[in-house]
Amino acid sequence: MPKAVDLTGQKFGRLTAIEPTHERLGGTIVWKCICECGNICYVQSRNLRNGNTQSCGCLQAERCTFDCVDGTRLNSLKSEKAHSNSGVKGIYFNKRNQRYHAQLMFQRKQHHLGYYGNIEDAKKARQEAEDQYFKPILEKYGAV
Ligand SMILES: [Zn+2]
């Protein structure tokens, strides 16, 4: 077991090391850190010391171009043209059942979010799905 380097109270970018955990990753100790934004996160000491990780992910999330992650071009999603017939991106008016069909393209797959009697509900469903699908990815990649 390599000798633990005491990082307690040291700052690494936005992160301040609080205490070492019992976890080991890649042979280095995982530290419990607090970010300036208030999030607690767990980072390998190696990544702290070499500057790879400088925030809980909020830094990257601000900086990130949101380009191709997990096979999803978040960038193109953001700028996706409203070429649907409802005028709202991801929502299509289904003439047959007279309902709004909410959809979301994610990882090259079309996700069907359901049919809604009014466009506001469909928009809400679409927004919730965006949060559900995209947030974990942003967090995951932002934290690297
Ligand atoms: Zn943060």
For S55, the lone unmet condition from (1) closer than 17 Å to K140 by Cα; (2) open to solvent by 60 Å² or more (accessible area, probe 1.4 Å); (3) modelled with pLDDT of 90 or more; (4) part of a loop (DSSP other than H, G, I, E, B) is (2)
Wholly inside the stretch 1-44, strands (runs of 3 or more DSSP E) that include 2 or more residues that are more than 16 Å from the ligand (Cβ to nearest atom) and either over 17 Å from A61 (Cα atoms) or more than 24 Å from the chain's Cα centre (by Cα) (or both) are 15-25, 28-35
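Conditions (1) at pLDDT below 90; (2) on the phi > 0 side of the Ramachandran plot; (3) crowded, with 18+ Cβ neighbours inside 10 Å, marked per residue:
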residue: N47; (1), (2), (3): no, no, yes
residue: N50; (1), (2), (3): no, no, no
residue: N75; (1), (2), (3): yes, no, no
residue: A102; (1), (2), (3): no, no, yes
residue: K109; (1), (2), (3): yes, no, no
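Based on this model, can you work out whether C33 counts as surrounded by fewer than 18 Cβ atoms within 10 Å (Cβ to Cβ) and either touching a His at 6+ places or on another chain (Cβ under 7 Å) or without any contact (Cβ under 8 Å) to a residue 40 or more places away in the chain (or both)? If you could, list the steps in order and put the result at the bottom.
Numbers: surrounded by fewer than 18 Cβ atoms within 10 Å (Cβ to Cβ): no; either touching a His at 6+ places or on another chain (Cβ under 7 Å) or without any contact (Cβ under 8 Å) to a residue 40 or more places away in the chain (or both): yes.
In short, no.
The values are calculated or read from the model by the stated rules, or taken from the named source; none is laboratory data. In this text, all values refer to a predicted model and were calculated from it rather than measured experimentally. Neighbour counts are summed over all protein chains in view; Cβ atoms, including those assigned to glycine, are modelled from backbone coordinates with ideal geometry. When the accessible area is computed, the model is the full protein with side chains, heavy atoms only, and any ligands, DNA or RNA have been set aside. Shrake-Rupley method; radii C 1.70, N 1.55, O 1.52, S 1.80 Å.
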